């Protein structure tokens, strides 16, 4: 019964959306947030909708004001967070006491998630935040207390000396990522795990140490097997609409830096409207990640030698 009522309401909302779309632009975008949020609530549990109304009451505003004055679209703002959550989950599942190499560890942001492990951080320690001043740079970059300073394809550790290798968002910065895979295979014990992430597509960053814009799933499927690994998991982060939204949010910065163009209020509104449209479309996303995504998360295992 409840599902039938939901379907009826969704159909009514589709008709309402068509009417809203026919309105002048300012009215359309004012009502857009109310429509998309209400549609989400209809697909969720009833108490979630009730809680949202309670929250607006706590703010001292009416429910209609809560919808019409909702925050800007969030699409395109979440890239790093899901990746870090995925990595942390893989690390939590590792038995205590294993020896883990964080290859290309940078600022060692994952060290805190390895307190139950024997953590070793490695990096080439040649990037210090400014690079060659081209593309996107970090500004400040702290690489103090790195355990091993070396080339990633020639790490001064014995064969089969690690149970796990973590390598996150590093491959695009390597002249020879296949050499790194070969080195990881050497360092891991049979059955050892490789936790690997890299972008599918990326802008120039950390230059001059940016050699590849990204890696497709076929890179992993072909080369991990070639270097003695079996893929246990391969997952996408984000999708086409998420990625386009991320870059739309960057247009203001790029326009200022590379075109000496300062956004007007109308320009900001145009970007916001585009983000709002992408957020609406993304509700019906159906595997657009095969076309474009932020990157891939891979868990692989070194095969035993028969």
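Readers should treat all values here as calculations from the given coordinates under stated rules, not as data from a laboratory. Keep in mind that this is a model prediction, so the values were computed, not measured. Counting neighbours? That spans all protein chains shown, and the Cβs are built from the backbone with ideal geometry, glycine included.
The table that follows gives values for the structure above.
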quantity	calculated
Share of alpha-carbon pairs per 5 Å distance bin for segment 141-210, given as whole %	4, 14, 22, 26, 19, 10, 4, 0
Per-residue Cβ neighbour rank within 10 angstrom, fewest leading, 289, 150, 113, 213	213, 150, 113, 289
77, 236, 222 arranged by Cβ crowding within 10 Å, fewest neighbours leading	222, 77, 236
Fewest-first ranking of 261, 119, 227, using other Cβ atoms within 10 Å as the exposure measure	261, 227, 119
Two-decimal log10 I(q)/I(0) for segment 194-244, as the Debye equation yields it once each C-alpha is a single scatterer, q = 0.19, 0.21 Å⁻¹	-0.78, -0.90
For q = 0.12, 0.13, 0.21, 0.26 Å⁻¹, Debye-computed log10 I/I(0) when each Cα of segment 225-306 counts as one equal scatterer	-0.55, -0.60, -0.97, -1.16
